[in-house]
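One structure is given below, encoded as structure tokens.
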Amino acid sequence: MTLNDLVHQTGEWLKGTGPKGEIVISSRVRLARNLEGQPFPHWAAPLKRQEILKQVEAAVAGSSYLAGSLFIKWTGLTELDRLFLVERHLISRELAAGKNEKAAVIGDREIVALMVNEEDHLRLQVLQSGFNLREAWAVLNQVEAELETKLPYAFSPDWGYLTACPTNVGTGMRSSCMLHLPSLVMTKQINRVLHAITKLGLTARGLYGEGTEAAGNFFQISNQVSLGISEEEILDNLDRLVGQVIEQEEAARKALLSQSRQALEDRIWRAYGTLKSAHLITSSETVELLSLVRLGVDLGLITSLDRGRVNQLFIQIQPAHLQKLEGRALTPSERDARRAQLLRESL
């Protein structure tokens, strides 16, 4: 498997087949780990980071769970390739911005991914389709335990796993669900929901996590604290809260269908018509319109598309994906034209 093979592959989390997939796009569990006796990446000299990179590469090579994975070193990797991995939710923007002594490990179905020398020496994640936190944690727990037999983690009996950022100290766990909440936005209930999430010690971010605004009615809900709380408690809290948000989105969808069906159908079909006929369209406009089309698919109003294909389009219309599909760099106006062509062909 090569990096370019991912262009034509649908990641497992995009297939839309997981539990409550009409509302929960994906579930992710991530762990932050550092190597014992080694300075954190931001404090480590280049030779030290290179040493850490080699240690992790050797551990991955000997891992049964990561057999067949793609190990991507940052040396010689283009900016376009790094952005491509961000768009697929396989690496963070922070890792993408870095140079040298960094790497990413991508599992064959994009379920498991690792980042090396980002904020911490190692960031491990499992990404699953739908509302599937427990399965994601079960897989990640096995991968992390196997790597721990090969890598000495920095751990304190008092503080737990030691991390570069104090918010990750303890379990080092960040769990999250990506939700599609168009009906709560339309019925103007979303601010109340987000306020309640914050009061309960969780946080809501945009499509690409920390530092991004909500777009296309997508909200990533995750825990903020990992110190003084167990992995099970983190998952229980998020499970319970996301379950409540799902119920509220389902109720809002039923209300829209019963009270404003004609207006709702008009918005959905106008969005579908625009996407089918546009010859120039930006990524931000596309995401907003695809959000309405996805709602139409999930409500059974649009039957010519399936959820997995719409999910895939959200990724394929992003700048780096368009250029990888085209096989060359594109100007912004060329991307707008290629994006519109892709949508017309797909819809």
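Read-outs: derived from the displayed coordinates by stated rules, not from any lab. Computed from a predicted structure; not experimentally measured. Cβ coordinates were reconstructed from backbone atoms using ideal geometry, including for glycine residues, and neighbour counts include every protein chain displayed.
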- Message: Please arrange ASP298, ASP306 by how many other C-beta atoms lie within 10 Å of their C-beta, fewest to most.
- Response: ASP306, ASP298
- Provide, as a two-decimal number, the C-alpha radius of gyration of segment 260-346 over 2.2 N^0.38 Å, N being how many residues it has. 1.10
- Message: If every alpha-carbon in segment 154-286 counts as one equal scatterer, what log10 I(q)/I(0) does Debye give at q = 0.13, 0.15, 0.16, 0.19 1/Å?
- Response: -0.68, -0.82, -0.89, -1.10
- Where does each of 269-282, 240-253 land if you order them by average Cβ count within 10 Å, highest first? 240-253, 269-282
- Message: Could you order the peptides 30-36, 106-112, 255-261 from most to least packed, using the average number of other C-beta atoms within 10 Å per residue?
- Response: 30-36, 106-112, 255-261
- May I have the extent of the alpha carbons of segment 104-159 along their three principal axes, as whole Å values ordered from largest to smallest? 35, 24, 21
- Message: For Cα pairs less than 8 Å apart in space and 6+ apart in sequence, what is the mean separation divided by the residue count of the chain, i.e. the relative contact order in percent?
- Response: 20 percent
- Given the peptides 46-53, 11-18, 122-129, arrange them by the average over their residues of other C-beta atoms within 10 Å, most packed first. 122-129, 11-18, 46-53
- Task: Select from GLN128, MET178, ILE234 the residue farthest towards the positive end of the dipole of the chain; place +1 on Cβ of Lys and Arg, -1 on Cβ of Asp and Glu, and compute about the Cα centre.
- Result: MET178
- Item | Inter-label distance for LYS188 and LEU305, nm, one decimal - labels placed 7 Å from Cα along Cα-to-Cβ | 2.8 nm
- Query: In whole Hz, what ³J(HN,Hα) sequence does segment 83-89 give by Karplus (6.51, -1.76, 1.60; θ = phi - 60°), x for Gly and Pro?
  - Reply: 5, 4, 5, 5, 4, 8, 6
- Task: Report the charge-dipole magnitude of the chain in Debye, nearest 20, computed about the Cα centre from +1 at each Lys and Arg Cβ and -1 at each Asp and Glu Cβ.
- Result: 860 debye
- Overall form of segment 134-199 per C-alpha gyration tensor (a/c, 1.5; a/b vs b/c): oblate
- Note on the structure: Checked segment 33-117 against the a/c 1.5 cut and the a/b vs b/c comparison, axes a ≥ b ≥ c from its Cα gyration tensor; verdict oblate
- Count of lysine pairs in segment 3-254 with Cα separation under 24 Å (8 or more residues apart, or interchain): 16
- Quick one: Cα convex hull volume of the chain, Å³ per residue? 126 Å³
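When averaged across all projection directions, what area in nm² does the alpha-carbon convex hull of segment 49-187 cover?
On the way: hull surface 40.7 nm².
Reported value for the Cα convex hull: 10.2 nm².
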- Note on the structure: Going from the fewest other Cβ atoms within 10 Å to the most, one would list ARG28, ARG294 as ARG28, ARG294
- Cα axis of helix 332-346 to longest principal axis of the chain: angle in degrees, 0 to 90, nearest 10? 70 degrees
- Task: Step through the residues of segment 268-285 one at a time and calculate ³J(HN,Hα) from phi using the Karplus curve (6.51 cos²θ - 1.76 cosθ + 1.60, θ = phi - 60°), rounding each to whole Hz and writing x for Gly and Pro.
- Result: 5, 6, 5, 4, 4, x, 5, 5, 6, 10, 5, 10, 9, 7, 7, 5, 5, 5
- Item | J(HN,Hα) series, segment 137-142, from Karplus relation 6.51 cos²θ - 1.76 cosθ + 1.60, nearest Hz, glycine and proline x | 5, 4, 5, 5, 4, 5
